[in-house]
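One structure below.
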Amino acid sequence: MAMPNAELKDNGGGTEPKIGVFVCHCGTNIGGVVDCEKVAKAASTIEGVAVSKDLKYACSDLGQDEIQKAIKEEGLNRIVVASCSPRLHEFTFRNCVEEAGLNPYFMIMVNLREQCSWVHMKEPEDATAKASDLIRMGVERSKLLSSLSPREVAVEPTCLVIGAGIAGIQAALDVAQKGFKTYLVEKEPSIGGHMAQLDKTFPTGDCAICILAPKMVEASRQKNLEILAYSEVVDIDGYVGNFNVKVRMKPRYVDEEKCVGCGVCTEKCPVKVPNEFDVGFGMRKAIYVPFPQAVPLKYTIDAENCRQLQGKKCGACAKACINDAIDYEQQPRDLDLKVGTIIIATGFDTYIPMKKGVYSYWESENVITAMELERLINAAGPTGGHLIRPSDKTEPKRIAFIQCVGSRNHKLGIQHCSRVCCMYAMKNAQIIKEHDPETDIAIYYNDIRAFGKGFEELYHRIRMDYGVEFIRGRPARLTTDPETGNITIRAEETLLAKITERDFDLVVLSVGLLPSQGTMPIQKMLSLPTSPDGFLQELHPKLRPIETAIDGVFICGCAQGPKDIPDSVAQAKATASEASTLMIRSKHVVEPLTASINDELCVGCGLCTDVCPYGAIELQDKDGQIKAVVTEALCHGCGTCAAACPQRAIDQLQFSNRQIMSEISAALSHEKAAGGE
Amino acid sequence: MSYAYFFGCVVPSRYPGVEFAVRWITGPEGLDLETKDISEFSCCPVPGIFYSTDRDTWLALAARNLCLAQRGKNEVMTICNGCFSSLLKATEYLDDPKTRGRTNKVLSKIDKKYIGIPEKMEGSNRRVFKPVSVRHFVDVIYRDVGLDAIKSKVTRPLEGMKVAVHYGCHYLRPTENTTIDDPNNPEKVDEIVRCLGAESVDYEDRLACCGAGGGVRSHVIELANSLTEEKFKNISNEEADVIVTPCPFCLLQFDNAQKAFTKRGIPVIHVAQLMAIAMGVDVKKLGLDLHNVSCYPLLAKIKGV
Amino acid sequence: MSEVEKVFISGLHEKLIEDKVIDESQLDPDFRKEIIKFGGKDVMTCLQCGNCTGVCPISLKIEYKTRTTIKYCQFGMKNATLSTRWVCATCYRCYEHCPADLNPAEVMIALRHIGIREGIIPPFVKRAASNLMGHGLTVRPDESILKEREKIGLPELPQSKPDWESVKEEVVTIIKTTKYDRLLGIRGDEDVSE
């Protein structure tokens, strides 16, 4: 994709390189092993080096001043800073050099710390010799540097948020409030996500929908925010600031303009099917809203179960609707959006236990998952908040929770801890005990993780005030009594080193969190990397938790990893801030250290397109010939394509084949600097 | 690909009827499979003793048996869970070049070398060496022959017979070696039983261990017997007529242990014997008098015997 | 005397025990590495969840449970594992259910290897190995079985034929090459009854 050229900033003075070498002591980090003075002296004898100094701390104000002074006074046009890893101070020295009037890409760094002094701490003499060699290599390479200029791309001040759970809603609200047009795409008929299904939230016991619904309504009223519910993203193309997104709006068979959400249609509908929102426990009609607080409050017809749409005559809802809003002929519509930033908040799915597995989930009616429990104890749920056993609808008096189901298990290939299960089990135990203090509750755990604010206090209260039992042992076998439906759990109480068998009326599996079904298509469209646990991978696990390898694409909430609501909200706000920063500037600077393809040598074999991890190279037709073309904004300068190209048609800017060969020659040369070692 | 019989130690020396049944079923009067006898097969070697005490020795002895099969490019057909697990595990250990080298060094003293069976790669002249294929009799019947073929040979359908299937442990686990059946819900032997006309009863904890393996029967026989007793109780609750198992060692355990805790034992036979009965064999040749728990009540139930 | 009084008064007879502190003299820091050497995985992986004990068929019949044995291995208390080594039926249920992907059955096997090399050799092991050395098989038929075989019409057992000598020789050669006979202290010509 052709990119607009930015202003060139070429001050690369003349053809004769005048190189300045600055060897940093870094206190004793380098200076304690490498003899920096000696190395600097040796470097001064290399051909082309005009200035060679050693500095105590090159990155400090003092050090940077010296570098800038040398540039101005000696007219230096190449700088080699021999210090720490570029990952730390590349930008520091580039800025320093640019301030002195030199193109920042004429500055390169030689790593004397991580690649020299820190790994050869016991061999100072050899380390010093190696430092000299490294500097010599750097000097030779610097002679072949060219001035580069960063490109600028325009940034469309529009944001796309994919997924409308709590994270997506919060992110969309924040971005829209800052004044940017925002699209919030959600595949379900209503926004709200899994949080809408929960009863209460830990550790405070806040009612989930009570705190979520106001945000949902706010989202529907927010200026600049357009909610595209019952829609899916089908294609994403482009790069930062310029993404082309195709959104498919699925047909509700209800005209959204005319529907007022009165509900008469659903009363008349003759078809009853299990309600997905109630995880199969409750029923809904073929024309429905998933839950009463749905936003947008528009009805949807489930085409698979609707009689009319399946060819059998019905039409009850159309007859009943006073606004004539039913439209059986409605077609899916495609929207083409142009956005500058994308926030992915596609959330999680819970683990579904195996058939014929240890926990008898499919065999025994009275073994349920935590999400099913949430619906059963929710006042708006299928039983009106009255907890009953599925088998005989009686009240369970003895309930067991089993932790770490579908988490921390190498046999299932799911190694991660889902982070929220210990707390939600305790929270649910508290709710059940509040309803009926006579209930006996036992939690079978491996480890209790109560790390957050207020978590440990809940853990204490649940034992002190509510008398919940904690059994440390992973259940080995669940057997169901066919007559009573009661379940016997056999487990070793590891703290007593005895095997116990206890009977329960109801067993709740605290299922783990897995990346949602909706995440994978988006991940494939963007070629986003995933972490080993399957969730989308952040750019840096410590310092850049919501950015991705693709500029302009951000992730938040459970799409990035399992987490609870406050952490999801915090991440959502962080992505909104990052996206807004990008869009406020309206121009985004793209690093010029990208791959550069020589069209004359390129034969269009396509090997580079296969190996590029970022999807940044495409084969395009150029005047009847197939050539590889790099989209600089997507290129991360990893060099994989340059290494793979059999025609050597690709060069990595600032690490070109010639430059690297010059380094290798310098390393192997036995040239001894006069007066040096 | 012909099958090389691997009868192991227990069957020829304690329950020869099982050997007859297997030979008859796979022979010309039964399914007429291509089979071969390798008379130089030694003990597999029994994992409870050798795998437990010195892996190198165990592997060398197992590799020796595999070399014999390798010569004729045969698939080894075992009729015992223990032999199956032992030889299969050995092929997996021998996949690692270092281990194979070490073992071949030992085998060189008897002029043998394990290399596997060469197979031509598709579309090229290159050959790869596949490990010797080790199969269990049940798997051969189910996958290679198929239930329909069995059904067509049934002349004595076992109507009304209640069979309790005991799979044994090494048929099901560890799943990184053996994948004949789902370890949580195995079906193959049950389906064979059903296609013979009998009913396979479900009893509590049907996948439990008989207690004999791993050296337990030899070391602490009371422990092995107590586990068998548990199984027996669960099986007799369902009023099964016979216990059927694909492992002769489990068979031996069930056959010998019952007298320690009950006067009315349930007869135990191998899958092959059950199949042979249904396929019309002369029952006198199944060596059922050698079984400690009398098989008479079982035979009395079968029409035409 | 009422029940309550009986309990109260009998409860006063507290039997004292001498429970000692486990100090470093009882711990063997290389035990873990020894287990890995003999084929077990690193016992430190175990998170002590207790699932193995729950599924183990032997667990209710022995004092030290599967999980406790692994804990002793983690700690390095070699001697505490002596009683559990040879009662494992190697059914591998523990491995199937272990969430940390440790194989407790293989650890038991490794413990057996270690025990053998320290001279703790169960007699039945010696017997079976001796049989193998002497006859090429661990189980031998008696007269009644041979008669039955003939009656049924089965071919003669390979071990009854003269070529069996070469099989025996090969087996003995293998055993001698791996020095198994020295490990167990057998010669192959012992008179063993099965």
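Quickly run through the range A:436-465 and pick out the residues that are among the basic types (Lys, Arg) and either buried (at least 17 other Cβ atoms within 10 Å of the Cβ) or under 11 Å from residue A:422 (Cα atoms) (or both).
A:449
Do we find that residue C:153 is within 8 Å of chain B (Cβ to nearest Cβ), of a type outside the set (S, T, N, Q) and at positive phi in this structure?
yes
When you go through (1) touching a helix residue (DSSP H, G or I) at 6+ places or on another chain (Cβ under 9 Å); (2) at negative phi; (3) surrounded by fewer than 18 Cβ atoms within 10 Å (Cβ to Cβ) one by one for residue B:150, which number turns out not to apply?
Only one criterion is unmet by residue B:150, namely (3).
Exactly one of these conditions fails for residue B:110: (1) more than 10 Å from chain C (Cβ to nearest Cβ); (2) surrounded by fewer than 20 Cβ atoms within 10 Å (Cβ to Cβ); (3) more than 14 Å from residue B:6 (Cα to Cα). Give me its number.
(1)
Among the listed residues A:619, A:582, which satisfies the condition of being without any contact (Cβ under 8 Å) to a residue 24 or more places away in the chain, touching a Gly at 6+ places or on another chain (Cβ under 7 Å) and on the phi < 0 side of the Ramachandran plot?
From the options A:619, A:582, the qualifying one is A:619.
Just name the residue that is farthest from the chain's Cα centre (by Cα) out of those in the range A:466-484 that are crowded, with 23+ Cβ neighbours inside 10 Å and closer than 23 Å to residue A:355 by Cβ.
Out of the qualifying residues, it is A:478.
Can you confirm whether residue A:337 is not assigned by TED's automatic domain parsing to the domain that holds residue A:581 and not polar (S, T, N, Q)?
No.
Since residue B:281 meets every condition but one in (1) touching a residue at least 40 places away in the same chain (Cβ under 8 Å); (2) out of contact with any Ser or Thr (no Cβ under 6 Å at 6 or more places or on another chain); (3) away from every other protein chain (no Cβ under 14 Å); (4) among the β-branched types (Val, Ile, Thr), which condition does it not meet?
Condition (3) is where residue B:281 drops out.
Working only within the range A:647-663, note down all residues that are among the charged types (D, E, K, R), over 19 Å from residue A:603 (Cβ atoms) and buried (at least 18 other Cβ atoms within 10 Å of the Cβ).
A:663
Determine which member of the set C:85, C:127, C:140, C:93 is basic (Lys, Arg) and under 30 Å from residue A:414 (Cα atoms).
C:93
Conditions: (1) in a helix (DSSP H, G or I); (2) within 18 Å of the chain's Cα centre (by Cα); (3) within 7 Å of another protein chain (Cβ to nearest Cβ). Residue C:110 meets all but one. Number of the miss?
With (1) in a helix (DSSP H, G or I); (2) within 18 Å of the chain's Cα centre (by Cα); (3) within 7 Å of another protein chain (Cβ to nearest Cβ) applied to residue C:110, the lone miss is (3).
Within 30 Å of residue B:147 (Cα to Cα), within 14 Å of another protein chain (Cβ to nearest Cβ), crowded, with 24+ Cβ neighbours inside 10 Å and out of contact with any strand residue (DSSP E or B) (no Cβ under 7 Å at 6 or more places or on another chain): which single residue out of B:257, B:276 fits that description?
B:276
Hey, among A:303, A:316, A:320, which residue is more than 23 Å from residue A:422 (Cα to Cα), surrounded by fewer than 18 Cβ atoms within 10 Å (Cβ to Cβ), at pLDDT below 95 and in contact with a helix residue (DSSP H, G or I) (Cβ under 7 Å, 6 or more places away or on another chain)?
The conditions single out A:320.
Take the residues in the range B:1-48 that are in a loop (DSSP other than H, G, I, E, B) and away from chain C (no Cβ under 13 Å), then tell me which one is nearest to residue C:132 (Cα to Cα).
Once the filter is applied, the top-ranked residue is B:2.
When both residues are 6+ apart or on different chains and their Cβ atoms are under 6 Å apart, which pairs have a first residue that lies in the range A:95-117 and is within 30 Å of residue A:129 (Cα to Cα), and a second that is among the basic types (Lys, Arg)?
Going by the 6 Å Cβ cut-off, the qualifying pairs are A:104/A:94; A:106/A:78; A:107/A:94; A:116/A:130.
Identify the residue in the range B:25-44 that is under 17 Å from residue C:157 (Cα atoms) and buried (at least 21 other Cβ atoms within 10 Å of the Cβ) and, among all such residues, is modelled with the highest pLDDT.
B:41
Would you be able to tell me the number of residues in the range C:80-94 that are of a type outside the set (Val, Ile, Thr), within 13 Å of chain A (Cβ to nearest Cβ) and surrounded by fewer than 22 Cβ atoms within 10 Å (Cβ to Cβ)?
1
Given the options B:53, B:78, name the one that is touching a His at 6+ places or on another chain (Cβ under 9 Å), on the phi < 0 side of the Ramachandran plot and more than 11 Å from chain C (Cβ to nearest Cβ).
B:78
Any chance the range C:62-79 includes a residue that's crowded, with 17+ Cβ neighbours inside 10 Å, in contact with a Gly (Cβ under 7 Å, 6 or more places away or on another chain) and among the aromatic types (Phe, Trp, Tyr)?
no
The values are calculated or read from the model by the stated rules, or taken from the named source; none is laboratory data. Predicted, not measured: the structure shown is a model, and the values here were computed from it. So basically every Cβ, Gly included, is an ideal-geometry build from the backbone, and we count neighbours across all protein chains shown.
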